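Read-outs throughout are calculated quantities, based only on the coordinates presented, and are distinct from any laboratory measurement. Everything numeric here is computed off the predicted structure, so don't read it as measured data. So basically every Cβ, Gly included, is an ideal-geometry build from the backbone, and we count neighbours across all protein chains shown.
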Amino acid sequence: MSQKRIAVYPGSFDPITYGHLDIIERGLEVFDEIVVAVANNIGKKELFTTAERIALIREAVSDNPRVRVDTFEGLLVDYVMAQGARVILRGLRAVSDFEYEFQIAQMNHNLRREVETLFMMTSVPYGYLSSSIVKEVASLNGQVEALVPPTVYKALLEKFPRR
Ligand code: ADP
């Protein structure tokens, strides 16, 4: 009896960076399929709309049939169950991520015992890479080309034209 191992990788992805892609690539070594789940109504001030964030992720993973890109609203654990998955995949960077991630993982586990959260440590080059820092630097016309896929870089240039 072999069941497909599916993990849901949730986040804002505003926008997707090489740090996220690294987690997806490494996640595919462990899971048969990864559902990248873009949070709708994240409550954060977003630069890209949900549709734009999804399009940028699709473009970045287009050649991989084992990656599905979707959006979700409401309780993550309910979404995970509906996808036929039992695992939430998250990335951990600096120690500063820990407290927040721990709290959410514990709450999700309380909500649904059968759903586990698995953490993957960031790869060294991406330890301090986040969507927020990319947005901040790009808004000041700083160079972010090495941190995001080419289409994301182009999209950032459109949002923040070079002065
Ligand atoms: P959220 O708002 O849910 O934290 P993000 O898009 O910021 O959404 O992040 C989604 C997930 O990807 C989180 O688990 C985050 O820790 C992880 N992540 C983001 N950037 C990196 C990175 N550079 N290396 C490893 N994991 C990362």
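Remarks
- Long-range amide H partners of Thr117 with built H, under 5 Å: Ile88
- For Glu101, the shell of other residues with beta-carbons less than 14 Å away shows a net charge of -1, using +1 for Lys and Arg and -1 for Asp and Glu.
- Hypothetical label at Ile104: residues of the range 59-75 whose amide nitrogen lies under 18 Å (7 Å Cα-Cβ projection): 69-75
- Over all pairs of different C-alpha atoms in the range 90-163, the reciprocal of the mean inverse distance, the Kirkwood hydrodynamic radius, equals 14.5 Å.
- Residues with amide H under 5 Å from that of Arg68, placed H, sequence gap 5 or more: Ile34, Val35, Val36
- Of the trypsin sites (Lys or Arg not before Pro) found in the range 1-35, the ones in coil according to DSSP and having at most 15 other Cβ atoms within 10 Å of their Cβ are Lys4, Arg5.
- Share of Cα-Cα pairs in the range 44-135 lying beyond 18 Å, as whole percent: 60 percent
- Taking other residues whose beta carbon is less than 15 angstrom from the beta carbon of Leu76, and scoring Lys, Arg as +1 and Asp, Glu as -1, yields -2.
- Where N is the number of residues in the chain, Cα Rg divided by 2.2 N^0.38 Å: 1.03
- Dipole orientation for the range 6-127: of the candidates Gly27, Asn64, Val77, Val77 has the Cα lying most toward the positive pole (charges on Cβ; Lys, Arg +1; Asp, Glu -1).
- Aspartates and glutamates with Cα under 17 Å of Lys135, excluding same-chain neighbours fewer than 8 positions away: Asp14, Glu46, Glu52, Glu145, Glu158
- Relative contact order of the range 6-127, defined on C-alpha pairs under 8 angstrom at six or more residues apart (%): 31 percent
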